[in-house]
Structure formats: C-alpha cells, structure tokens
Amino acid sequence: MAKSALDNVIDTRWFQWARWGQWFGLAALLSAMLLGGFTDIRQTPAGIAFVAIIGMLGLMSLIPARFILTVYLMRREQRSHHGRRVASARKSSQR
C-alpha cells in the first residue's frame, strides 16, 4: 500500500522539481566549498563574491526543496491514513 502511494507522489510535478532542486543545491554547495577550499579564487574580491553566490544559490535551492519534499510526503501520508480511517469507519458502520 505504501509503495503505490509513493509511486503516485513521485509522478507529481512538485516532487520532481523538489528532487532536482535538492540535487542542484547539493552540487552548488559542494562546488562552492571545493572552489573556496582548493583554488586561488578566494584571493580576489570577485572570486570571494563568486564562491559566496554559488553557496547562497545552493542553500536557496536546497532548503526549500527539502521542505517541499518533507511536507509533501507527510501530507500525502496523512491523506492516505485519513482515507483508510474513513473507509474502515464506513465498513464498521455498515455491519
């Protein structure tokens, strides 16, 4: 039952956007850390700004994506539990 509910969620547009946003954010943060830590780019003001912008873009896409994934999956789970409770209540009332 949970597998089919998860399959339904994965096919939605919000889930797809959040998943891509999550991976973009992770890649941007990793790129910013690697550029800042292992290159000479941090020695110029433009380089520091570039690393900061890449890091901020990573955070600005990662945090909302994780929030959307968490809330969306929780909401879908609550709906499926609520639907099961209503269906079981209907069955017991019909007896």
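Points worth noting:
- Accessible heavy-atom area order of 66, 13, highest first, probe of 1.4 Å: 13, 66
- Inter-label distance, nm, simple model (7 Å from Cα along the C-beta direction), residue 31/residue 19: 2.2
- Spacing of the modelled spin labels on residue 43 and residue 74, each 7 Å from Cα toward Cβ, amounts to 4.8 nm.
- Near residue 21, once Lys and Arg are set to +1 and Asp and Glu to -1 for all other residues with Cβ below 15 Å from its Cβ, the sum equals +3.
The values are calculated or read from the model by the stated rules, or taken from the named source; none is laboratory data. Being a predicted model, the structure only gives us computed values, none of them experimental. Ideal geometry is used to build each Cβ from the backbone, glycine not excepted, and the neighbour counts take in all protein chains shown. All accessible areas refer to the heavy atoms of the entire protein, side chains included, with ligands and DNA or RNA removed. Shrake-Rupley method; radii C 1.70, N 1.55, O 1.52, S 1.80 Å.
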